[in-house]
Amino acid sequence: MFLHNKRISNQFRIILLILIIGCFVGCGAQKKNLSQIEDNDGIIVGFSQIGAESAWRTCNTRSVQDAAAERGVQLVYDNAEQKQENQIKALRSFIAYQVDVIVFVPIVKDGWDNVLQEARDAGIPVLVTDRKIDVEDQSLYAGFIGTDSLKEGRNAGLFVLDKFKDSCEQFDKTEEHINIVELYGTEGSSVALGRAEGFREVLDPHPEFRILYSKSGDFLRSRGYELAVEFLEMHEDIDVIYSHNDGMTLGAIEAMEEKGLVPGTDIVIITIDAQQAAIDALRDGKVNCVIECNPKTGPEIIQLAERLAAGETIPRLQYVHEEVFYETDDLSLIEPRGY
Ligand code: GZL
Ligand code: ZN
């Protein structure tokens, strides 16, 4: 590739990169300092991360950074602070610098075609991770590795179906609906869409279930709290909270307890991520089902990036392993989560 045969010293490339990112991404971005990027002969990977909106996200970032350090890969990390335009700027700076591989977590599904076309024109392979993208031309990226949000949604639906199976059987007589509220993730993100779709796919054939309320809390604990205050004001007869991530769930639990409600008893709660605080809440009976979404994908991501840098092809679609933790499980067997 262009820089390889005219390979200027890595030290100079790094300084160049810091200057480019500094001017492209603006003063608000995370400043790179030289000590963060040791000069070695590993490949250089541009990593555009969404932000730090949840414990899951910060664990995911750490996993990638640790794996890169482990492999001697030079990682140029950019925190987009929840803005797609910052991600696009960061990708452009990676292209300008001619990193060997781009790895990015697309905050939303759409709007990536142009910048990925520029990456392809520059001959830089792109690995999409965690969230998926919709592009006209699938060859604009080399592959995806992450979690299966549709399956997460289906597992949430199956838990609710099982938890309320008696009410289902009585429904013809009682006409008693099971009322659900949904704390939705980031609008337009593939994970929120998948979690919502999978959940509805399972419950739609059962008219006894009704979704009374669904609003985006953007995966933020503070928004989960605010939305819970609102839906608890609006509805007296909520049976289930389905929350797209633990951060929002923890906020909703706070709001419930302020109102004297008993989470996990007065209202059944299903939550996704499986951060430590959610497992603790499961053990305390405050939530009833925790669906794991595995953030520790750093080693697989770096391995795939190295294969791309070596000119290899990689699988188009790779899901990482994830569990479901139920209130009826032997919860003492769950290892410390690390996030
Ligand atoms: C899921 C990931 C989501 C987590 C949230 O793959 O994109 O974003 O569920 C995080 O905690 O903010
Ligand atoms: Zn039914």
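The values are calculated or read from the model by the stated rules, or taken from the named source; none is laboratory data. On a predicted model such as this, the values are computed, not experimentally measured, just so you know. As a convention, Cβ positions derive from the backbone with ideal geometry for all residues, glycine included, and neighbour counts pool all protein chains shown. Accessible surface is based on the protein model in full, side chains and every heavy atom, while ligands, DNA and RNA are left aside. Shrake-Rupley method; radii C 1.70, N 1.55, O 1.52, S 1.80 Å.
Figures for the structure shown
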| quantity | calculated |
| --- | --- |
| Residue among Gln82, Ala122, Ser167 farthest towards the positive dipole end of the chain, charges placed on Cβ | Ala122 |
| Convex hull projection area averaged over all views, the chain, Cα basis, nm² | 18.1 |
| Dipole in debye (nearest 20) - the range 162-222, about Cα centre, beta carbon charges: Lys, Arg +1; Asp, Glu -1 | 300 |
| Calculated [θ] (222 nm, deg cm²/dmol) that DSSP helices of n ≥ 4 give over the chain, each run adding -39,500 (n - 2.57) | -13500 deg cm²/dmol |
| Check: the chain dipole with +1 on Lys, Arg Cβ and -1 on Asp, Glu Cβ, in debye | 1780 |
| Net charge of neighbours whose Cβ lies under 14 Å from the Cβ of Phe171, counting Lys and Arg as +1 and Asp and Glu as -1 | -4 |
| Accessible area per residue, Å², the chain with all protein chains present, probe 1.4 Å | 43 |
| 0 to 90° range, to nearest 10: angle between helix 165-174 axis and the chain longest Cα axis | 50 |
| Among Val320, Thr265, Tyr225 - extreme Cα towards positive end, dipole of the range 188-339, charges at beta-carbon | Val320 |
| C-alpha long axis of helix 246-258 to longest principal axis of the chain, angle in ° | 40 |
| Percent of Cα pairs exceeding the 18 Å cut-off, where the set is the range 149-293 | 50 |
| Which listed pairs, of Lys89/Lys296; Lys83/Lys151; Lys132/Lys165; Lys165/Lys296; Lys165/Lys215, have C-alpha distances above 32 Å, in listed order | Lys132/Lys165; Lys165/Lys296 |
| Label-point separation, Asp237 to Glu254 (7 Å along Cα→Cβ), nm | 3.1 |
| Formal net charge of residues neighbouring Pro299 (Cβ-Cβ distance under 9 Å; K, R +1; D, E -1) | -1 |
| Spin-label pair Ala52/Thr328, simplified geometry with 7 Å Cα→Cβ offset, distance in nm | 4.1 |
| Cβ crowding within 10 Å averaged over residues, with 253-264, 321-332, 301-312 ranked highest first | 301-312, 253-264, 321-332 |
| Residues of type aspartates and glutamates that Lys173 reaches as a straight line, Cα spacing below 15 Å, ignoring anything fewer than 8 places off in the same chain | Glu208 |
| Inter-probe distance in nm under a simple model that places probes 7 Å from Cα toward Cβ, at Ser139 and Lys83 | 3.5 |
| Selection from Ser54, Ile238, Leu333 lying farthest towards where the dipole of the chain points positive, charges on Cβ | Ser54 |
| Size of electric dipole in the range 149-293: Cβ of Lys, Arg +1 and of Asp, Glu -1, about Cα centre, debye, nearest 20 | 380 |
